[in-house]
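Student: One structure coming up, written as structure tokens, with questions to follow.
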Amino acid sequence: MSSAGHSIDVSAMTTDSEAEACARMMAESEPWITLGRGYEASLAILRDASRERYVALEGKDLVGFLILNMKGAFAGYIQTVCVAPEKRGHGIGAQMVSFAEERIFRESPNVFLCVSSFNTGARRLYDRLGYHVVGELADYLVVGHSETLMRKTIGSLSDFRKQPAEPEKPTRR
């Protein structure tokens, strides 16, 4: 994946040292500073095996990570998109969201995410990528700020479930 001259590889998070580095990145940058999420809370989220966790690498450098939730009422929820502060504005976030969409659209016609009202850069990105506001959760995480629930869709859940499975390949006898 590449954009604006930045080529990244997104792959499953496999080591605790990756989780620790991602937790530091999260705890030391916005919007998580304003949300009051420190290192320990960030690390607990990154160690949650019920979520899919991915790292974004530019060469050998960790430049961001994703956390996806593929279960529950909002299956296909992008829980976290984090780009290293010094790498923001170079297309890496868009590449990571594209990766998440490809992953989610294999199992669900909907991608959901929340963006904090004060996180205007991320909101511009999601608007540009075709996300639409579903609702607002006022004072949900931090008093005085809202979380905006957004969705990108390729169809209804009922139609998606009705699609026939790929035919089985014939076996030789």
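What follows is calculated from the coordinates using simple rules that are stated; it is not laboratory data. Everything quoted here is computed from the prediction, not taken from an experiment. For neighbour counting, all protein chains shown are included, and Cβ atoms are generated from backbone atoms with ideal geometry for every residue, glycine included.
Student: Compute the angle between helix 16-27 and the longest alpha-carbon principal axis of the chain, please, reported from 0 to 90 degrees and rounded to the nearest 10.
Tutor: Approximately 50 degrees, to the nearest ten.
Student: Extending each Cα 7 Å along its Cβ direction at ILE154 and LEU141, get the distance between those two points in nm, one decimal.
Tutor: According to this spin-label approximation, the distance is 2.7 nm.
Student: Return the long-range amide H neighbours of GLY64 (sequence gap of 5 or more, or a different chain), with a cut-off of under 5 Å between placed amide H atoms.
Tutor: The answer is ALA56, ALA84.
Student: Quick one: go through region 50-89 and flag any residue whose amide nitrogen is under 17 Å from the point 7 Å out along the Cα-to-Cβ line of ASP9.
Tutor: Residues 54-66 qualify, since their backbone N sits under 17 Å from the label point.
Student: Full-extension gain between LYS71 and ALA27, please, as 0.36 nm times their residue separation minus the C-alpha to C-alpha distance. Display every interim value, and only then the final one.
Tutor: Details: separation 44, 0.36 × 44 = 15.84 nm, distance 2.54 nm.
Stretched fully, the LYS71-ALA27 segment lengthens by 13.3 nm.
Student: If you don't mind, there's one more thing I want to ask. Calculate the spin-label point distance for ALA44 paired with ARG161, positioning each point 7 Å from the Cα along the beta-carbon direction, and give it in nanometres.
Tutor: With each label placed 7 Å out from Cα toward Cβ, I get 3.3 nm.
Student: Given H placed 1.01 Å from N in the peptide plane, which residues other than close sequence neighbours of PHE118 have an amide H under 5 Å from its amide H?
Tutor: Excluding prolines and chain starts, which carry no amide H, the hits are SER146.
Student: For the chain, state the average projected area of the convex hull of the C-alpha atoms over all orientations, rounded to one decimal in nm².
Tutor: Values: hull surface 50.4 nm².
Convex hull of Cα atoms, orientation-averaged projection: 12.6 nm².
Student: Would you please put 131-138, 77-84 in order of how densely packed they are, using the mean number of other Cβ atoms within 10 angstrom per residue and starting with the highest?
Tutor: Working: 131-138: 13.1, 77-84: 22.2.
Going by the mean number of other Cβ atoms within 10 Å, highest first, we get 77-84, 131-138.
Student: Using amide H atoms built 1.01 Å from N in the peptide plane, name the residues 5+ places from GLN79, or on other chains, whose amide H lies under 5 Å from its own.
Tutor: The list, which skips near neighbours in sequence, is ILE67, LEU68, ASN69.
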